[in-house]
Amino acid sequence: MSGAIEVIATKRDGGELSDDQVRWVLEAYVRGEVAPEQMSALLMAIVWRGLSPAELSAWTSAMVASGTRMDLSGTGRPVVDKHSSGGVGDKVSLVVAPLVAALGVAVPKLSGRGLGHTGGTLDKLESIPGWRADLSTAQFLGQLRSVGAVIASAGADLAPADKQLYALRDVTATVPSIPLIASSIMSKKIAGGADAVLLDVKVGAGAFMPDLDSARLLAQTMVGLGRDAGVRTVCLLTSMEAPLGRAIGNALEVAEAVEVLSGGGPADLREVCLAVATEMLALGGLPQDPGPALADGRALEVWRRMVDAQGGDPGAALPSAPLVEVVEAPRSGHLVRLDALAVGTAAWRLGAGRARKEDSVDPAAGVVLGASLGERVEAGQPLLTLHASSRERIADGRAALDGSYDISDEPQPLAPLVLEKVG
Ligand code: URA
């Protein structure tokens with residue numbers, strides 16, 4: 001235990017930990033030899049003091065080494081993973097995994113469930129009747145070879161140190177630290193075994209990173225960690241001031257993703273999907289315009305096979321909510337602000353998200369926007385439609401939407417969706 005005290009004191013006083021100290025403290029914590037209160041103190045010292053590049057690299061390697069790194073060498077095509085830092089209405093993975101796979105790059109995506117106001121990719125897919133997230137390693141690799149795209153839950157052996165650390169960070173107010181977030185995300189991506197990774201860091205009201213400077217720093221840190229681990233990494237910074245697309249909620253988002261895969265869907269969602277897919281194809285060494293594969297049905301065909309391979313029925317009706325309530329536009333004008341955090345919180349309260357890990361989600365709940373940011377609306381037209389299973393939930397969701405939008409006489413220029421590329 002004296003080793004732990006020395007490590008904590010070194011970091012508290014702004015000193016630098018050696019590779020051996022970093023490796024030891026993480027390994028000993030996972031073995032139960034460093035107590036949670038000691039790791040909590042170390043995490044808080046890291047929040048304040050940060051980690052040097054060498055410490056961060058050692059920390060991330062130790063997290064990867066706490067489990068097994070997937071071997072995807074038998075896939076037979078370039079393998080590119082994708083990660084989003086999480087946003088409201090962010091169903092980009094549902095579109096780009098089959099889209100990129102249709103064009104020759106395999107996408108192995110190990111995902112998590114959502115917590116709070118941003119939905120989880122697995123929760124969305126689980127709204128498809130029969131679809132299951134838990135695959136054995138053999139099933140995962142088999143589907144990657146045969147279909148080219150898999151989105152599944154991460155097994156217990158994927159960077160297990162991160163699972164333990166994240167649970168501790170969650171209850172000790174030590175989540176918001178760029179080195180801790182970067183190592184948490186990248187340890188899982190590196191252990192996932194892809195040749196390259198495309199990161200989509202969301203910036204704005206509904207995102208983890210509220211401002212461009214902190215998002216850029218997170219992006220640069222993650223790109224550096226990818227490089228240290230031999231994984232080509234590119235990061236797009238994309239806007240999350242307003243929800244992405246018009247559907248927020250699990251089944252509602254699946255339906256909208258299928259619209260995009262069928263060549264339609266909202267323009268903002270299509271734009272981000274195409275930007276992300278373009279980067280993934282370039283990272284895989286097959287640069288090309290992904291647009292035609294949406295228009296001609298190739299991406300949709302891979303989606304169907306991907307859903308079917310995991311027990312889902314791609315043609316089945318998705319769950320729908322028994323109660324639907326419309327919030328009408330109070331006046332005519334241009335929709336110039338629609339707060340992503342407020343809409344995400346409303347969807348969460350309607351039942352689409354969970355407050356604690358053990359909670360279940362309502363697959364049918366959520367919010368549908370009647371207009372996208374920048375569009376003209378007329379007084380009395382549906383602006384927000386709430387879907388839920390009870391009157392109480394509708395009232396909670398409605399309350400979260402108070403003050404969430406502005407309608408103005410004058411149109412305002414739309415800010416770009418893709419803000420920057422790092423790496
Ligand atoms: N997502 C992660 O996986 N880890 C973090 O620390 C924050 C967001």
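The spread of Cα positions in segment 10-98, taken along each principal axis and listed from longest to shortest, comes to 48, 35, 25 Å. Per q in 0.27 Å⁻¹, report the Debye log10 I(q)/I(0) for segment 2-50, using one uniform scatterer on each alpha carbon and no solvent. Debye output, listed in q order: -1.05. With a simple spin-label model that places each label point 7 Å from the Cα along the Cα-to-Cβ direction, the separation between R31 and D289 comes to 5.8 nm.
Taking a straight line from the alpha carbon of K124, these aspartates and glutamates sit under 16 Å away, with near neighbours fewer than eight places off in the same chain left out: D90, D134, E253, E256, E259, D308, D313, D359, D362. When the chain is described by a simple charge dipole with +1 on each Lys and Arg Cβ and -1 on each Asp and Glu Cβ, the residue from P160, F140, P287 located farthest towards its positive end is F140. Starting from the Kirkwood Rh over alpha-carbon pairs, what translational D in µm² s⁻¹ does segment 73-309 have by Stokes-Einstein at 25 °C and 0.890 mPa s? It diffuses with D of about 139 µm²/s by this estimate. By the beta-carbon count within 10 Å of each Cβ, the least crowded to most crowded order of L125, L419, fewest first, is L419, L125. Placing +1 on the Cβ of every Lys and Arg and -1 on the Cβ of every Asp and Glu, with nothing else charged, gives segment 171-251 a dipole about its Cα centre of roughly 180 debye. The simple spin-label model puts a point 7 Å past each Cα toward its Cβ; for A167 and T137 those points are separated by 2.2 nm.
Rg ratio for segment 321-423: its Cα radius of gyration over 2.2 N^0.38 Å, N being its residue count, equals 1.19. Annotation for S332 and A379: the two label points, set 7 Å from Cα along the Cα-Cβ direction, are 0.9 nm apart.
Ordering H117, H387, H334 from the fewest to the most neighbouring beta carbons within 10 Å gives H334, H117, H387. One decimal place: the segment V324-I5 gains 109.2 nm when fully extended, by the rule 0.36 nm per residue minus the C-alpha distance.
Here is how the number arises for the chain: DSSP H runs of 4 or more residues each give -39500 (n - 2.57), the sum is divided by the residue count, and the result at 222 nm is -13000 deg cm²/dmol.
The protection proxy used here, the mean number of other Cβ atoms lying within 10 Å of each residue, ranks peptides 94-100, 348-354 as follows, highest first: 94-100, 348-354. Taking other C-beta atoms within 10 Å as the exposure proxy, E55, E410, E256, E375 rank E410, E375, E55, E256 from fewest upward. Which shape class, rounded, prolate or oblate, goes with segment 257-306 when its Cα gyration tensor gives a ≥ b ≥ c as root eigenvalues, a/c under 1.5 marks rounded, and past that a/b bigger than b/c marks prolate? It is oblate, given that a/c is not under 1.5 and a/b is not larger than b/c. Inter-part distance, segment 192-238 to segment 36-52, computed on C-alpha centroids, equals 22 Å.
Taking the Cα centre of the chain as origin and assigning +1 to Lys and Arg Cβ atoms and -1 to Asp and Glu Cβ atoms, the resulting dipole is close to 660 debye.
Over the chain, what per residue volume does the convex hull of the Cα atoms give, in whole Å³?
134 Å³
Rounded to 0.05, the FRET efficiency of the S52 and A395 pair, given R0 = 35 Å and the Cβ-Cβ distance, is 0.10.
Rounded, prolate or oblate: which fits segment 206-257, taking a ≥ b ≥ c as square roots of the Cα gyration tensor eigenvalues, rounded meaning a/c under 1.5, else prolate when a/b beats b/c? Provide the component values of the computation, followed by the final result.
Working: a/c = 3.84, a/b = 1.79, b/c = 2.15.
Judged from the Cα gyration tensor, segment 206-257 comes out oblate (a/c at least 1.5, b/c at or above a/b).
FYI, it's all coordinate maths here, none of it is from the lab. Computed from a prediction, not measured in an experiment: that's the story for all the values here. Note: ideal-geometry Cβ built from the backbone for every residue, glycine included; neighbour counts use all protein chains shown.
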